[in-house]
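Accompanying notes for the structure given below.
The values are calculated or read from the model by the stated rules, or taken from the named source; none is laboratory data. Small disclaimer: the values here were computed from a predicted structure and weren't measured. Note: ideal-geometry Cβ built from the backbone for every residue, glycine included; neighbour counts use all protein chains shown.
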């Protein structure tokens, strides 16, 4: 297992953990524990001295310590991967939320336009005059404000 803990300035970097090696060590610990348990059972069946049993118990306890260390390394790596995934998901979720907000806003405007188009007035027969004719016949102050508005839109 390779773990890069610090750079020259003392800042922790992303861990380079070989998960295959960790899982391989986990399998070896399991196999070793099974062998030790088999030895323990054989010692008990054959009624051998307790000193041999103590030795085997010490071996299995050391094996459990190794097992816990490997398990902790795997869990830490999983936590790191989960955190990295969350960091990567955050911009996607933000963009998705913005998209949903824009779609909601668009639907609101579409409904407002539909309501305006379907609005029935008391005077349905009044026709609007063309824009050019209105500008031509409008008073000077209205013409100036229209010109400013057109310049602003450009």
Looking at 80, 72, 54, can you tell me which residue is surrounded by 10 or more Cβ atoms within 10 Å (Cβ to Cβ) and in contact (Cβ under 8 Å) with a residue 24 or more places away in the chain? 80
Hits in the range 127-154 - residues which are surrounded by 10 or more Cβ atoms within 10 Å (Cβ to Cβ) and part of a loop (DSSP other than H, G, I, E, B): 138
Mind checking whether some residue in the range 41-59 is under 30 Å from residue 147 (Cα atoms) and modelled with pLDDT under 90? no
